[in-house]
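J.: Would you mind keeping the following structure in view while I ask a few things?
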Amino acid sequence: MGDTFAQVLPLAIGVAISPVILALQIAALASARRPLARALAVFLGVAVVAVAVVLGVAALDHHAVPVPRASHWVVAGWIRIAIAIVLVGVAVRFLVAKHAEPTVKAGPEVSDDSSHLVRFAALGAAAMVSDSVMLIPAAHDAAVAPIPTGQRVTVLAVVTVVALLPAYGPMLAAVLTGTWGLGLLVRFGAWFQRHLRTIAIVGALVFAAYLALTGWIDLGKADRSPSTSGATTTTTTGG
C-alpha cells in the first residue's frame, strides 16, 4: 500500500493546492452575509463532484476487462502525459491573457436566501470539475493497484480527503480560530487574489512536468514488464 500512496498522493496534493477552489472558499468566508453557510455550500459542491469522480473511476476500473500489466502501464503513462499537455495549455492560456488577471468574487450582497447558497454550491462543483484532471489519474491508479480491497478503499478515501483540503481547510480554520482567524484569511485572500495568475501558472507547469516525467517512467515500465516477456516466452516454447 505504501507504493500506491507514493504514486497517488502527489496527484491528490496537486488537486489540494488548487488556487481556484481556495480563492472561492476565501471569497465565500469574506462575504458580509452568512459566510459560513456559503463556505459550507462551496464545500458541498466540491465534495459531491470529487466523490462522484473517485467512485465513478473506481467502479469503471473495477468492472473493466483485465489487461496485461504492460498494457496497464501504457494506459497509465499516456493518461499522465495527456493531462500534462492539458496543464501546459492551461499555463499558456494564463500567460497569453496578460490583462485578464483571474479573480474569484463572493458575488453581490443582494439577499441571503437559499438561491445564493445554491449558486455557491454550483461554483464549487464547477471548480472541482476543472480540477478533476488530476483527481482522475489518482483514482485510476488506486483502483487498479495490486492491493487488497480494504487497502484500496483506504487509499481512495485518503485521496478524496486530501483533494478536498482547499474546500474544508479554510472553513475549519475560520471555525476554530474565530474572528481573528477569519480576518487573517481575508488578508491572505487579498494577497492570494493579487498573485492568483502567477500561482496558477507555476502550479500548472510544475505538475505538468511531474506528470510528464512519471508518465514517461510508466511507459518505460511497460517495456520492461515481465508479463510481456513472459507472453513472448510462452509463445516461442509452444511453437
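J.: When you go through I199, I217 one by one, which is the residue that is modelled with pLDDT of 80 or more and β-branched (V, I, T)?
T.: When all the criteria are applied, what remains is I217.
J.: Kindly evaluate G189 against the criterion of being within 15 Å of S18 (Cβ to Cβ), at pLDDT below 75, of a type in the set (G, A, S) and surrounded by 13 or more Cβ atoms within 10 Å (Cβ to Cβ).
T.: So G189 passes the test.
J.: When only residues in region 110-165 that are farther than 15 Å from A39 by Cα and in a loop (DSSP other than H, G, I, E, B) count, which is modelled with the lowest pLDDT?
T.: Among residues in region 110-165 that are farther than 15 Å from A39 by Cα and in a loop (DSSP other than H, G, I, E, B), the one modelled with the lowest pLDDT is V110.
J.: In addition: If you check A39, A52, which single one turns out to be surrounded by 19 or more Cβ atoms within 10 Å (Cβ to Cβ), among the small types (G, A, S) and over 11 Å from the mean Cα position of the chain (by Cα)?
T.: None of the others qualify; the one that does is A39.
J.: Continuing with the same structure: Filter region 55-73 for residues that are crowded, with 16+ Cβ neighbours inside 10 Å and at pLDDT 80 or above; which is nearest to R152 (Cα to Cα)?
T.: Ranking the qualifying residues of region 55-73, first place goes to A58.
The values are calculated or read from the model by the stated rules, or taken from the named source; none is laboratory data. All of these numbers come straight from a predicted model, not from anything done at the bench. Cβ coordinates were reconstructed from backbone atoms using ideal geometry, including for glycine residues, and neighbour counts include every protein chain displayed.
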